[in-house]
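Below is one structure, written out as structure tokens, with a few remarks after it.
The values are calculated or read from the model by the stated rules, or taken from the named source; none is laboratory data. Just so it is clear, the model here is predicted, and its values are computed rather than measured. As a convention, Cβ positions derive from the backbone with ideal geometry for all residues, glycine included, and neighbour counts pool all protein chains shown. SASA here: full protein model, heavy atoms, side chains in, ligands and nucleic acids out. Shrake-Rupley method; radii C 1.70, N 1.55, O 1.52, S 1.80 Å.
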Amino acid sequence: MRFYTTCPPSTAYDAQSYPARVSQVARWSEAAGAEGALIYTDNSLVDPWTVAQMMLMETKRFIPMIATQPVYMPPFSVAKRIASLALLTGRKVALNMVAGGFPATFRRSVTIRPMTTAMPGLRSTATSSRPCCAARRSRSAAVSFGSTISG
């Protein structure tokens, strides 16, 4: 069994203490045997990709699970970020594909359709031998889609 912790939200801390708290949670979680941590995405929070990079730099095996909303970030941009992290760190990330949104903003059809159309392209791009940048990492180093989608 694999388990993930949750990254603290940036809204709960001031700008001076948040980076230290993220680093601390990543190190504690890895020491406790967690596979990684879920990093939320929301308009009120700091960029989850930046937080993931911090976590990767503070740990040895930790896998950040980055929440990704296809309505906000197209598949190519996600694949580019995955490839960049793989190139810079030699590590993989996990994705949490978010189908929902704020009720006042999104209808179900608006959020589900982009997610279902994004997954095949994102998977093939992110797991290719050269996923949208000059990363010379193995295909398995670039991304982990978890147990529901094999890559």
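Do you know which residues across the range 76-92 are assigned to a helix (DSSP H, G or I), surrounded by fewer than 22 Cβ atoms within 10 Å (Cβ to Cβ) and touching a residue at least 40 places away in the same chain (Cβ under 8 Å)? Please lay out each step first, then the result.
Our first condition is that a residue be assigned to a helix (DSSP H, G or I); within the range 76-92, this holds for 76-89.
Next, only the ones that are surrounded by fewer than 22 Cβ atoms within 10 Å (Cβ to Cβ) stay: 76-77, 80, 84, 87-89.
Across the range 76-92, the qualifying residues are Phe76, Lys80, Ser84, Leu87.
What number of residues within the range 37-52 are open to solvent by 70 Å² or more (accessible area, probe 1.4 Å) and either part of a helix (DSSP H, G or I) or among the charged types (D, E, K, R) (or both)?
Residues flagged as open to solvent by 70 Å² or more (accessible area, probe 1.4 Å) and either part of a helix (DSSP H, G or I) or among the charged types (D, E, K, R) (or both) within the range 37-52 amount to 1.
Checking the condition over 19 Å from Asn96 (Cβ atoms) and either over 14 Å from the mean Cα position of the chain (by Cα) or not charged (D, E, K, R) (or both), which residue from Ser77, Ser23, Ser44 passes? First the steps, then the outcome.
On the way: Ser77 fails: over 19 Å from Asn96 (Cβ atoms); Ser44 fails: over 19 Å from Asn96 (Cβ atoms).
Among Ser77, Ser23, Ser44, only Ser23 is over 19 Å from Asn96 (Cβ atoms) and either over 14 Å from the mean Cα position of the chain (by Cα) or not charged (D, E, K, R) (or both).
Output the number of the condition that Ala34 fails; it satisfies all remaining conditions of (1) open to solvent by 50 Å² or more (accessible area, probe 1.4 Å); (2) in a loop (DSSP other than H, G, I, E, B).
Failing condition for Ala34: (1).
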